[in-house]
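Each remark here refers to the structure printed beneath this line.
The values are calculated or read from the model by the stated rules, or taken from the named source; none is laboratory data. All values reported here derive from a predicted model rather than from experimental measurement. Glycine gets a Cβ as well: all are built from the backbone with ideal geometry, and neighbour counts include every protein chain shown.
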Amino acid sequence: MRKFSFGLTLVLVMALWLAACGGGAPAAAPSEGGATDAGAAVDASAPAPEPTPVVNNFGECSDPLVLWHGLTGSDGAVFAELLQQFVDANPDLCLNSEGYPWDIFFQKYPTAVAAGTPPDMVIFHAAEVNQMASEGLMMPMDDIIFNDGTLNKADFNENLIDAITVNGQTMAVPFDNHGWLLWYNTKLMEEAGLDPNVLPKNGAEFIEVAQKLTRDVNGRHPNEEGFDKDNVDVWAIDYTWPRYTIPTTLWQFGGGVVSEDGKTAILDSPESIAAVQFWHDLMYKYYVAPPAIPGKMWAGDLYKNNKLVFMWEGTWTGGFMRDNPDIAAVTKTAYINSLAPDGKQAVKFDSHIMSIPTGVDEDGIAKAKRLMTFLVQNGAYWATSGQVPALKSVQALPEVQAIESVATAARQFNEIGRTDLAHKSFIEIQTAWETAVGNALASPTSDVAAALKAGAEQVQAILNRP
């Protein structure tokens, strides 16, 4: 078994707990695994929550394949259907699936590996792979599933494979691609006299369009005298989940959190400051986005009530649209619009990845390999949840291309998608920058540059550790 550092894992668990509550970031947003209250406070003295798994058993046998994951949101039902299809196609196997809220998952997973009682397979995110691998929680997948030709790395997004490869070893198998996509209300654009087929190409164009789209309860726009910023009826855009919105904007402006070589914090670079300042200005200067205050209404609630035009949200919003057919009927999807002065495009995406924990025996490895292969090859059914199948060959299937949001997202991720920088302290870095950005956007008087400088200093201290 690889060396396992339980002390570091306790730090990881606490960081994940804080990250699940947004690390001080002010906006609430639902994640692909369910709602995340990003403005909630953490009571460090409170006991850890008891696990509340969603347990499903598929098939009948004496030795089930045990799977742990965090797919407990709207996509969980589609995932359960896929698992049933797997045991139907493999009657010699049975399956025990346990779905946990992500914070609880990341408490149980390292503890189970340390105790020598891991599940046979886990599903979490590509962004966390480097840190999990450095903790000794994962088996390399090359000899298990890639080198024998069962799956071909070339059929996956290249950036994604790079992100889950640690010290030359690919540590996981991608299940999907998911991330930010532009969902926009064509009806509200037409009411504002705008063509829904012509979208702004850069930050200046966006501000011009946003001022035409935003209106108060009296029908006035932000650039008109008498506009009531405290009683806005329709917003042009909303500041959604920082974990995707901020990296996307930073990259569009040429900034970021950490340099490409992973050695230097660049959260306080001129480009990064300009990117976050743009969001500050949208909220407090141009009044085209709601202030990023704790407890504010989720963008989806605004959107389904025709109170929001441009919504940056995840691929998993496909489920939300199915549940709200009236608003879906006036919605189109597109690549995330650039807010940068020069119109540079970039968008953050991630992946649900499949992994075999350290300590799983040969029988468990063989079963997990069969399930992984089935799930990847049947990604077209997973696409009905709104997520993009990981295999490019599956993305190209007619039934996948027929789902507009999935087809658009697949093209977008392959053309301009970027993943978070892989780092063994990824979770701590994420918590630090989310806190800094939350402080930068907390009020009209927030000093964006000072907040990001403080955040960069925290990130640099993490990077400087051996």
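Listed values, structure above:
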read-out: Residue match in region 185-194 (condition: among the basic types (K, R) and not in a loop (DSSP other than H, G, I, E, B)); value: yes
read-out: Single residue of region 207-222 satisfying the filter (surrounded by fewer than 21 Cβ atoms within 10 Å (Cβ to Cβ) and without any contact (Cβ under 8 Å) to a residue 40 or more places away in the chain) that is nearest to L188 (Cα to Cα); value: K212
read-out: Test result for L82, among the aliphatic types (A, V, I, L, M), closer than 22 Å to I365 by Cβ and touching a Lys or Arg at 6+ places or on another chain (Cβ under 7 Å); value: no
read-out: Filter result (touching a Pro at 6+ places or on another chain (Cβ under 7 Å) and assigned to a strand (DSSP E or B)) within region 214-249; value: W235
read-out: Whichever residue in region 112-123 is touching a residue at least 24 places away in the same chain (Cβ under 8 Å) and part of a helix (DSSP H, G or I) and, among such residues, is nearest to L137 (Cα to Cα); value: V113
read-out: M321 being assigned to a helix (DSSP H, G or I), buried (at least 19 other Cβ atoms within 10 Å of the Cβ) and among the hydrophobic types (A, V, I, L, M, F, W, C); value: yes
read-out: Residue, nearest to R418 (Cα to Cα), within region 324-344, restricted to residues that are surrounded by 14 or more Cβ atoms within 10 Å (Cβ to Cβ) and among the small types (G, A, S); value: S338
read-out: Candidates L151, L160 - the one that is in a loop (DSSP other than H, G, I, E, B), in contact (Cβ under 8 Å) with a residue 12 or more places away in the chain and surrounded by 20 or more Cβ atoms within 10 Å (Cβ to Cβ); value: L151
read-out: All helices (runs of 4 or more DSSP H) inside region 363-460 with 1 or more residues being more than 30 Å from L93 (Cα to Cα) and at pLDDT below 95; value: 426-440
read-out: Top-ranked residue in region 392-406 [being touching a helix residue (DSSP H, G or I) at 6+ places or on another chain (Cβ under 8 Å) and free of Cβ contacts under 8 Å to residues at least 60 places away in the same chain; ranked as farthest from G379 (Cα to Cα)]; value: Q401
read-out: Residue match in region 326-338 (condition: of a type in the set (D, E) and either more than 30 Å from T111 (Cβ to Cβ) or outside any strand (DSSP E or B) (or both)); value: yes
read-out: Residues being farther than 19 Å from L188 by Cα and crowded, with 20+ Cβ neighbours inside 10 Å - total across region 295-316; value: 3
read-out: Criterion (in the same structural domain as L308 (by TED's automatic domain parsing) and within 23 Å of A328 (Cα to Cα)) met by exactly one of N218, N202, N197, N231; value: N197
read-out: Number of positions in region 278-318 that are closer than 24 Å to Q412 by Cα, among the aliphatic types (A, V, I, L, M) and assigned to a loop (DSSP other than H, G, I, E, B); value: 0
read-out: Close pairs (9 angstrom Cβ cut-off, 6 or more residues apart or separate chains): without any contact (Cβ under 8 Å) to a residue 12 or more places away in the chain in region 253-281, outside any helix (DSSP H, G or I) and aliphatic (A, V, I, L, M) anywhere; value: S259/A265; S259/I266; S259/L421
